[in-house]
1. Here's a check for you: in the stretch 71-97, which residue that is more than 14 Å from the chain's Cα centre (by Cα) and within 16 Å of the ligand (Cβ to nearest atom) is surrounded by the fewest Cβ atoms within 10 Å (Cβ to Cβ)?
2. What number goes with the only condition from (1) away from the ligand (no atom under 14 Å from the Cβ); (2) under 16 Å from Leu97 (Cβ atoms) that Thr49 does not pass?
3. Which residue, of Glu105, Glu68, is more than 16 Å from the ligand (Cβ to nearest atom), farther than 16 Å from Val52 by Cβ and either in a helix (DSSP H, G or I) or modelled with pLDDT of 95 or more (or both)?
4. Taking only pairs six or more apart or across chains, which ones have beta-carbon atoms under 8 Å, a first residue in the stretch 127-154 that is over 21 Å from Ala101 (Cβ atoms), and a second residue that is polar (S, T, N, Q)?
5. Select from the stretch 10-33 the residues that are open to solvent by less than 20 Å² (accessible area, probe 1.4 Å) and either in contact with a helix residue (DSSP H, G or I) (Cβ under 9 Å, 6 or more places away or on another chain) or more than 16 Å from the ligand (Cβ to nearest atom) (or both) and list them in ascending order.
6. Name, by its number, the condition in (1) more than 11 Å from the chain's Cα centre (by Cα); (2) outside any helix (DSSP H, G or I); (3) modelled with pLDDT of 95 or more that does not hold for His15.
Amino acid sequence: MRMVRRVLIIDLDVHQGDGTADIFAHDTSVFTLSLHSEKNYPVRKKASTLDVPLEDGMEDDEYLSILEDTLKRVLTTFKADLVFFNAGVDPHHDDRLGRLALSDEGLRKREELVFKLVRNEGLPLAGVLGGGYSYNLRLLVNRHSNLYRVAAKYL
Ligand SMILES: [Zn+2]
């Protein structure tokens, strides 16, 4: 018996999830969702199941609103058995390779939102670290740590 038939990949790294999009391009059992900076790397993007390109300089409220609407829609229409979450912190306004303008608080709210929506569906969620290119390691580690702080609330 296969315990996992359908997988959702939520890729919130600021760069498009072109790798998973390409790998699972012809596999309808895997839904690849990517919210990313439209003008950022890679220049030639692969087609995810759902791509949400975002404008330069987007801040917390608009980003979180788009994420909430999108993720609710995806969770309703695609019945996943397992969810992976790429929690790249490079959408931060200080990131060298981002182009978006999320704050530390915005990124923490992002992790909260993903966990809340996915876990409310009763789905298992595996979060992984993604990009993050700040020179200030203390701040960078703190941003990545939010994933685990939020996850710990759902143990
Ligand atoms: Zn990235």
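1. Looking at residues that are more than 14 Å from the chain's Cα centre (by Cα) and within 16 Å of the ligand (Cβ to nearest atom), I get Arg96.
2. With respect to (1) away from the ligand (no atom under 14 Å from the Cβ); (2) under 16 Å from Leu97 (Cβ atoms), Thr49 is out only on (2).
3. On the way: Glu68 fails: farther than 16 Å from Val52 by Cβ.
So the residue among Glu105, Glu68 that is more than 16 Å from the ligand (Cβ to nearest atom), farther than 16 Å from Val52 by Cβ and either in a helix (DSSP H, G or I) or modelled with pLDDT of 95 or more (or both) is Glu105.
4. Val128/Asn86
5. To start, the set of residues in the stretch 10-33 that are open to solvent by less than 20 Å² (accessible area, probe 1.4 Å) comprises 10-14, 16-17, 21, 30, 32-33.
Scanning the stretch 10-33 gives Ile10, Asp11, Leu12, Val30, Thr32, Leu33.
6. Every listed condition holds for His15 apart from (1).
The values are calculated or read from the model by the stated rules, or taken from the named source; none is laboratory data. Bear in mind that the values here come from a model prediction, so they are computed numbers and not experimental data. As a convention, Cβ positions derive from the backbone with ideal geometry for all residues, glycine included, and neighbour counts pool all protein chains shown. With ligands, DNA and RNA removed, areas are computed over all heavy atoms of the protein, side chains included. Shrake-Rupley method; radii C 1.70, N 1.55, O 1.52, S 1.80 Å.
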